[in-house]
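Engineer: Let me begin by handing over the structure; questions about it come next.
Please treat every number below as a calculation from the coordinates, not as lab data. Small disclaimer: the values here were computed from a predicted structure and weren't measured. Positions of Cβ are generated from backbone atoms using ideal geometry, with glycine treated the same way; all protein chains shown enter the neighbour counts.
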Amino acid sequence: MLRISTGRGPRPAMGSNFETFSWYYFRVSGAVLLIMVLVHLFIMHVSNDVSCTTYAFVAARYSNIFWRVFDWLLLTLALTHGMNGLRIFIDDYVRKPGARMWLMSIAALLLLVFFMLGTITLITFQPVTSALGAQCLPR
Amino acid sequence: MNILVRIKRYDPERDAKPYWDEFRVDVEPIDRLLDTLNTIKWTMDGTLTYRRSCAHGVCGSDAMRINGRNRLACKVLMRDVGKKVTIEPMLGYSVIKDLVIDMDRFFDKYRSIKPYLITHDNEPGTERLQSPEQRAIYDEGTKCILCGACTGSCPSIWGNPDWVGPASIVNAHRFIFDSRDQGGAERLNLLSNKDGVWRCRTIFNCADACPRNIPVTDLIEQVKRAIVYGGPEEA
């Protein structure tokens, strides 16, 4: 018998509980990612011809702030969801303290570098008119 | 019927590493695997070492890995194991000798979740009453015999022996969801850290291994929910 919590009973002291947050974040980000990735996949590979997803296509897309926010959310969720998974893999299977320290540091560094790279690109992107090339804009 | 019994043997005083020993044994189809082990020990090789006590599936001392799955040797019939049976000590524990494993850490973890009634109010003077419905909520957890089969079947434990393990969480559940108990928040706090419930990856090996048919993974999920959404109301 599965008992659904009443929500009024005792619960652990919150605030310092990163692992509980991490688990919950996995569930929420996973569900959101599923939808966002499918939308992304549909736009990039189904509704538009792959040969059309050129610089000009991206430039046209990013003239709308919505797609910049969409891509930034996708980037943030995918990076944090994936790296949190990597962190847990390392935590589960790497037992040597030195190796753990190095792998965790590399994972954190990768997260930071890719997040910064993506965020800077999304914020500062300005289409270069001379580079637009032949028009193959989305329908 | 004649059956080939392969047993993983290890005597730390003699062997550098574990090895496979084989015995051909005549058994009846309705013999239990424990009877077969007894036949080997009593008539073929007296050095074979394993734990057994009640021999009726209640004490939980003869849990071992039988054909790749954790089972109680006293609850497995020879007619169900095939022509060849492979017996190993359970994974996730250090081996003391042959099929005998070191369960000290298992019981340390069990004690760490405070498996006893915790109350803060004055003693009631009469017995602590509970309705059949309130009793039913934690009924599954009370069936645990602490054989360690679930914990020894859990890949999370194989990967990380520091984890508290399914058996401890089942026994925490038994008190967290007991309406008479008031230590719920305390136990949920213990189980909400890294080596608490969050290392459970819902693999369901534990539920398969349990000789008492406790839905171990379901109980662990209920504790996870209690940590996130709040546990059951106290008495």
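Engineer: Specify the inter-centroid distance of the range B:122-138 and the range B:208-225, based on alpha-carbon positions, in whole Å.
Structural biologist: A separation of 23 Å, based on Cα centres.
Engineer: Next up: Between the range A:23-41 and the range A:65-83, what's the alpha-carbon centroid distance in Å?
Structural biologist: The range A:23-41 and the range A:65-83 have Cα centres spaced 10 Å from each other.
Engineer: Using the Karplus equation 6.51 cos²θ - 1.76 cosθ + 1.60 (θ = phi - 60°), what ³J(HN,Hα) coupling, rounded to whole Hz, does each residue of the range B:98-103 give in order, writing x for Gly and Pro?
Structural biologist: My calculation for the range B:98-103 gives 6, 9, 8, 10, 7, 9 Hz in order.
Engineer: Let me ask something else about it. Restricting to Cα atoms and excluding each atom paired with itself, what does the Kirkwood estimate give for the range B:194-235 in Å?
Structural biologist: Result for the range B:194-235 stands at 11.4 Å.
Engineer: Using the alpha carbon gyration tensor of chain B, what are the three equivalent-ellipsoid semi-axes (square root of 5 times each eigenvalue), largest first, in whole Å?
Structural biologist: 38, 19, 15
Engineer: Test of understanding: express the Cα radius of gyration of the range A:18-127 as a ratio to 2.2 N^0.38 Å, with N the residue count.
Structural biologist: 1.29
Engineer: If you average 1/r over all unlike Cα pairs in the protein assembly as shown and invert the result, what Kirkwood radius do you get in angstrom? Walk me through the numbers on the way to the answer.
Structural biologist: On the way: mean 1/r = 0.0403 Å⁻¹.
One over the average 1/r among Cα pairs gives 24.8 Å for the protein assembly as shown.
Engineer: Given the convex hull of the Cα atoms of the range A:19-65, what is a quarter of its surface area in nm²?
Structural biologist: Directional mean of the projected Cα hull area for the range A:19-65 stands at 4.4 nm².
Engineer: Counting each pair of different Cα atoms once, what's the Kirkwood radius of the range B:2-101 in Å, rounded to one decimal?
Structural biologist: Hydrodynamic radius (Kirkwood, Cα only) of the range B:2-101 equals 13.5 Å.
Engineer: Next question, about the same structure. Kirkwood Rh over alpha-carbon pairs of the range B:104-229, then Stokes-Einstein at 25 °C and 0.890 mPa s: what D in µm² s⁻¹, rounded to an integer? Don't jump to the answer; show the numbers that get you there.
Structural biologist: Values: Rh = 14.8 Å.
This corresponds to a translational diffusion coefficient of 166 µm²/s.
Engineer: May I ask you to sort B:ASP26, B:ASP181 by Cβ crowding, counting other Cβ atoms within 10 Å and putting the fewest first?
Structural biologist: B:ASP26, B:ASP181
Engineer: Where the only charges are on Cβ atoms (+1 Lys, Arg; -1 Asp, Glu), what is the dipole of the protein assembly as shown about its Cα centre, to the nearest 20 debye? Mind showing how you got there, number by number?
Structural biologist: On the way: 45 positive and 38 negative charges, 122 e Å.
Computed charge dipole of the protein assembly as shown: roughly 580 debye.
Engineer: Stokes-Einstein diffusion coefficient for the range B:36-83 at 10 °C in a medium of 1.306 mPa s, Rh from the Kirkwood formula over Cα pairs: what value in µm²/s?
Structural biologist: Details: Rh = 11.6 Å.
The calculation lands on 137 µm²/s.
Engineer: For the Cα atoms of chain B, what angle does the longest principal axis make with the long axis of helix B:166-176, in degrees from 0 to 90, nearest 10?
Structural biologist: With both axes taken from Cα atoms, the answer is about 30 degrees.
Engineer: So what's the back-of-envelope 222 nm ellipticity for chain B, counting only DSSP H runs of four-plus at -39500 (n - 2.57) apiece and dividing by all residues, rounded to 500?
Structural biologist: -8000 deg cm²/dmol
Engineer: Roughly how many Å is it from the Cα centre of the range B:21-37 to that of the range B:46-73, as a whole number?
Structural biologist: About 13 Å separates the Cα centre of the range B:21-37 from the one of the range B:46-73.
Engineer: In addition: What does the net charge come to around B:LEU48 if you take all other residues with beta carbon closer than 14 Å to its beta carbon, with K and R at +1 and D and E at -1? The partial results should precede the final answer.
Structural biologist: Values: positive: B:ARG6, B:LYS8, B:ARG9, B:ARG14, B:LYS41, B:ARG51, B:ARG52, B:LYS97; negative: B:ASP11, B:ASP15, B:ASP21, B:GLU22, B:ASP35, B:ASP45, B:ASP62, B:GLU88, B:ASP98.
Here the charged neighbours net out to -1.
Engineer: Would you mind checking the pairs B:LYS8/B:LYS41; B:LYS17/B:LYS41; B:LYS41/B:LYS97; B:LYS8/B:LYS143; B:LYS75/B:LYS143; A:LYS96/B:LYS17 and listing those with alpha carbons more than 18 angstrom apart?
Structural biologist: From the list (B:LYS8/B:LYS41; B:LYS17/B:LYS41; B:LYS41/B:LYS97; B:LYS8/B:LYS143; B:LYS75/B:LYS143; A:LYS96/B:LYS17), the Cα-Cα distance tops 18 Å for B:LYS17/B:LYS41; B:LYS8/B:LYS143; A:LYS96/B:LYS17.
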